[in-house]
Amino acid sequence: MNIDAILEFDKVKEKWMALALTEDAKARIAKAACFYDEAALEKELRDTSDARRFLEVCRMPPLASLEGSREMLDCARKEGCLTPYQLEQVGEMLAAVGRMKQYLERGKQYENPLAYYEINLDPACELREEIARQIRGGAVEDQASRQLLRLRREMDCLKEQMKRKAEQIIRANKESVAEAFSTIRNGRICIPVKRECKWKLPGSVIAQSSTGSTVFIHPAAIESLMKSCSR
């Protein structure tokens, strides 16, 4: 016998799931079942009445979707490495936790039992502030550490040196190059060279054009520059 269908609880759950903000919440609602224990039912009814009174005096809570939080927490527990974008999401989640904690604390003045659930919420303010200080726009800020700032400046300097070296090579091989500018292929700076002239330019062939008339060569001079700077 399908009790949910007889009581039309399945229809209630459909409307309930439409209000859920995460897939995890929807899955938990889908598994919700009728109560057959009177004491458990009375407890849930008290919570429901308290929640209704809470909404009457404090209005709607500052709900936010925490979709993906479980996966990120699991990754952190396993000592995995979160991306800057994920860490920024963690910061936003902690801010949402802080707002909910403040919301529940307001209910204490009305002596609403549900307000004391705020003790279970930890907005980890120091962590949130640290994330906000070091990550912005899904990327780690240059000033996150002195070492990172130094390394990024060195990288910018190296990129500029490689760009100048590529320009020098192009000027010195005007008759061999297919285009008078360098390009990036497979993460390497390359020079487009006429296929019949590829032997004139020392380096590694990284790719070729769709017609095969042009090859993209990563010059040996630039490779040497990279190796010298990495020592």
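The simple spin-label model puts a point 7 Å past each Cα toward its Cβ; for Leu114 and Thr211 those points are separated by 7.0 nm. In a reduced charge model with +1 at each Lys and Arg Cβ and -1 at each Asp and Glu Cβ, the range 62-143 shows a dipole moment near 220 debye about its Cα centre.
Sorting 187-194, 145-152 by their mean Cβ neighbour count within 10 Å, with the most densely packed peptide first, gives 187-194, 145-152. Helices in the chain, meaning DSSP H runs of at least 4 residues, each add -39500 (n - 2.57). Divided by all residues, the mean residue ellipticity at 222 nm is -17500 deg cm²/dmol.
Placing a label point 7 Å from the Cα of Leu63 along the Cα-to-Cβ direction, the residues of the range 8-23 whose backbone N falls under 16 Å of that point are 12-23. When both bridge partners sit in the chain, DSSP labels roughly 100% of those beta bridges antiparallel.
The phi-based Karplus calculation (6.51 cos²θ - 1.76 cosθ + 1.60; θ = phi - 60°) puts the 3J(HN,Hα) values of the range 202-209 at x, x, 10, 6, 9, 7, 9, 6 Hz, whole numbers, x for Gly and Pro. Reducing the range 35-76 and the range 98-171 to their Cα centroids gives an inter-centroid distance of 30 Å. Under 5 Å between amide hydrogens, built in the peptide plane, is the criterion, and for Gly203 it picks out Ala220 among residues at least 5 positions away or on other chains. For the chain, a crude dipole built from +1 on the beta carbon of Lys and Arg and -1 on the beta carbon of Asp and Glu, taken about the Cα centre, is about 1900 debye to the nearest 20.
Would you please state which residues of the range 1-22 a label at Asp47 would reach in this model, taking the label point 7 Å out along Cα→Cβ and a backbone N cut-off of under 18 Å? Backbone N within reach: 13, 16-17, 19-22. Note on mean projected area of the Cα convex hull in nm²: of the candidates (i) 18.2; (ii) 22.5; (iii) 15.8, the value calculated from this structure sits at (ii).
With a simple spin-label model that places each label point 7 Å from the Cα along the Cα-to-Cβ direction, the separation between Lys163 and Phe181 comes to 1.2 nm. For Glu105, neighbours were defined as the other residues whose beta-carbon sits under 12 Å from its Cβ, and their charges (Lys and Arg +1, Asp and Glu -1) total +3. For Arg136, nonlocal amide neighbours, meaning residues 5 or more places apart or on other chains whose placed amide H falls under 5 Å from its own, are Glu141.
Values quoted throughout were computed directly from the atomic coordinates according to the rules given, and no laboratory measurement underlies them. It should be emphasised that the depicted structure is a prediction, and the values quoted were computed from it without experimental measurement. Here the Cβ is made from the backbone with ideal geometry for all residues, glycine too, and neighbour counts use every protein chain on show.
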